[in-house]
Amino acid sequence: MSDAMTATETGGSPSSLYLDRIRTMRHVRNGKERVIEAILFVAAFCAVAVTVAIVAILLYEASTFFAHVSLVEFLTGTEWTPLFERASYGMLPLLVGTVVTSFIAFVVAGPLGFLIAMYLSEFAPPKLAEVLKPFLELLAGVPTIVYGYFALLFVTPLLQKIIPGLPGFNMLSAGLVMGLMIVPYVASVAEDAMRAVPMALREGSYAMGATRFQTAMWVVLPASFSGVMAAFVLGISRAVGETMIVAIAAGQQPNFTFDPREPAATITAYIVQVAMGDLPHGSIGYQSIFAVGLVLVVITLVFNLIGQMLRRRIREVY
Amino acid sequence: MSEQNNATIVSEPLKAETRKFNFYYGDNHALKNVDLPVAERMVTALIGPSGCGKSTLLRSFNRMHDLYPGNRYEGEIRLYPDDVNLVSPAVDPIEIRMRISMVFQKPNPFPKTIFENVAYGLMVRGEKRRSVLEEKVEEALRGAALWEEVKDRLDDLAFNLSGGQQQRLCIARALAADPEIILFDEPTSALDPIATASIEELIAEIKEKVTILIVTHNMQQAARISDYTAFMYLGELVEFGRTDELFVRPRKKQTEDYITGRFG
Ligand SMILES: Nc1ncnc2c1ncn2[C@@H]1O[C@H](COP(=O)(O)OP(=O)(O)OP(=O)(O)O)[C@@H](O)[C@H]1O
Ligand SMILES: [Mg+2]
């Protein structure tokens, strides 16, 4: 903009009747833009500031916890018993609970979300896709507590018919339902990535005599690969942070096991449990939720960063 | 318009021919009673102002319009020597696309390696034997005058090539499928003059083996590389003739106005 201004000024083109007006308006215009810029900057700054503040508070609160418990014990210990007389704070049981439930969720949501995305983007007639997509979004809008009770009261009894002796609380049921919950999310991010593939590429493939399926697998998929990976990673990150479903359906008992049939608490489930008042404020046990919270934030942050990076990659290719 | 005359202008055997061909994008009647003969192993150029239907006609030859709903062909495009009407619903568009390749306006290499790009048409046909693929890929790349430049980097991603190289890669991709006709839609409009010259040279070589139908906005290009030229206007084929005649002695006023740049 300022380039154009200088050009008119130095060129001194007499042809424009508006020249004087444009010149007098210049500072008004610049002033306006500065105000808008400032507002936008504050908005962006707030978002960053909140994130930083959350991490800072977590760090601060966690530091009082780590004054009593060593980092090594925290990260490598296999017993999490903050309520016991002789409490131990090894977070691996919680971490494993989170990993197992998230893994089960991913096993459901990855393939299913991918197939739905592929169908909607490459195979479904446009009209049908328009009808189906709102349903997916509806599914994504269901409060997670509903999913939690769905897992506990419907899926678990169903699983108990297949797996005799399955406890009422178990990671399998929670993970499966959590998978269902993130399917729409994975599908929609992956579908965006596939739709971003230029039509010219598909046409190139069809013009070689390829079928719809060949085009989808050999051209659209590699072209949207990083976007699909982003969908997976962001989906996993959601599963890791999900709270209600696991708190309700997987139980709240820390349990160091990789067996999905067992009940176990996840990091998030533990945080709700403590936050709801099982431990007195200010106690080490209470402070522990900030320590595990920090771990949770770091995990999801890493996943989100990877996801966003992958997502950006597709934008750059085209 | 004297319909029967167009085919008699051609002295070579015909590779294809549209007869009373109409095309509709939904309600938009984009091509009207087009009678275009396509001489075997010759270059036929389609020229005309923007929006006159050149791409629409070209893309009818490989049934590209089947990909989108609401499109409708009417009339015939006969493909010789088997004399089938290739736009008939009874004819499999995939078979047609395997026989008639296409090179697009903007180079559109696949997000794959150079090798896989060229081998694509063969892989689509189910060819998996490495030796066959290698042989065909080399032959096609040589045919597209790209072999020397890429022979040591066949496993590089095709995106890393320059625009002109990418377009030659797309030509190699088309050639590797052993097509009977190659359709070119303004293949040089995104390229610089040097890359353009090399593509034009290539077309002159390819036509020894393959029939070529090319859309171009560049009249000099049409004059340089084509044997026959069709001038289109508002969805109609206004004039068809030998290129050396059409550009020197156009029979229609509209054609003359267009080629002398006095249009509209
Ligand atoms: N997908 C489409 N849906 C509806 N109408 C279309 C579509 N594509 C093209 N048309 C219309 O059909 C007519 C012919 O278009 P076409 O693209 O064949 O022109 P063209 O001669 O190739 O032009 P250009 O030289 O600009 O490429 C135009 O009026 C155009 O607006
Ligand atoms: Mg066009």
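The values are calculated or read from the model by the stated rules, or taken from the named source; none is laboratory data. None of these values were measured; they are calculated from a predicted model. Note: ideal-geometry Cβ built from the backbone for every residue, glycine included; neighbour counts use all protein chains shown. Each accessible area value is taken on the protein alone, full model and side chains, heavy atoms only, with ligands, DNA and RNA left out. Shrake-Rupley method; radii C 1.70, N 1.55, O 1.52, S 1.80 Å.
Per-structure values
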| read-out | value |
| --- | --- |
| Most fluctuating residue given options A:F84, A:F258, A:F114, as computed from a GNM of chain A linking Cα atoms under 10 Å | A:F84 |
| Highest-fluctuation residue, A:T266, A:T243, A:T81 considered, GNM on chain A with Cα pairs under 10 Å | A:T81 |
| At least 50 Å² accessible surface lost relative to isolated chain, residues of segment A:216-244 (1.4 Å probe) | A:W218 |
| Solvent-accessible area per residue for the protein assembly as shown (1.4 angstrom probe, square angstrom) | 48 Å² |
| Sequence-distant lysines (8 or more away, or on other chains) whose Cα lies within less than 20 Å of B:K54 | B:K15, B:K20, B:K32, B:K106, B:K252, B:K253 |
| Degrees, to the nearest 10: B:130-143 long Cα axis against longest axis of chain B | 50 degrees |
| Accessible surface of B:M42 - all protein chains present, 1.4 Å probe, nearest 10 Å² | 40 Å² |
| Cα-derived Rg over Rh, computed across the protein assembly as shown with Rh taken as Kirkwood radius | 1.13 |
| Amide hydrogen neighbours beyond the local backbone of B:M102, cut-off 5 Å, H modeled | B:L183 |
| Within 10 Å of each Cβ in B:101-112, the average number of Cβ atoms from other chains | 5 |
| Average other protein chain Cβ within 10 Å of Cβ, residues B:65-71 | 2 |
| Residues whose placed amide H lies under 5 Å from that of A:S88, excluding near-sequence neighbours | A:T81 |
| Normalised contact order of chain B, rounded percent, pairs of Cα under 8 Å and 6 or more residues apart | 27 percent |
| Values of log10 I(q)/I(0), in the order q = 0.08 Å⁻¹, for chain A under a Debye, Cα-only, solvent-free model | -0.54 |
| Cα long-axis angle, helix B:163-176 against chain B (0 to 90 degrees, to the nearest 10) | 90 degrees |
| Accessible area in the full protein assembly, largest first, 1.4 Å probe, for B:H217, A:H68, B:H65 | A:H68, B:H217, B:H65 |
| Accessible carbon and sulfur surface of chain B relative to its total accessible area, %, 1.4 Å | 49 percent |
| Bridge type composition, the protein assembly as shown - antiparallel percent by DSSP, nearest 5 | 60 percent |
| Descending Cα extents along the principal axes, segment B:102-176, whole Å | 30, 25, 21 |
| Exercise: per-residue mean of other protein chain Cβ atoms within 10 Å, A:199-205 | 6 |
| Fluctuation leader among A:M194, A:M208, A:M217 - chain A, Gaussian network, Cα springs under 10 angstrom | A:M208 |
| Once the Cα gyration tensor of segment B:45-100 is diagonalised, semi-axes √(5λ) in Å | 20, 14, 10 |
| Most to least accessible of A:F303, A:F74, A:F103 (protein chains only, probe 1.4 Å) | A:F103, A:F303, A:F74 |
| Solvent-accessible area buried by B and A, counting both chains, probe 1.4 angstrom, square angstrom | 1800 Å² |
| Phi to ³J(HN,Hα) by Karplus 6.51 cos²θ - 1.76 cosθ + 1.60 over segment A:111-121, Hz, x for Gly, Pro | x, 5, x, 4, 5, 5, 4, 4, 5, 5, 7 |
| Protection-proxy order for peptides B:137-143, B:5-11, each taking the mean of Cβ atoms within 10 Å per residue, highest first | B:137-143, B:5-11 |
| Order of exposure, largest accessible area first, which applies to B:S50, A:S288, A:S121 with probe 1.4 Å | B:S50, A:S121, A:S288 |
| Accessible area of segment A:92-317 belonging to carbon and sulfur atoms, whole % at 1.4 Å probe | 72 percent |
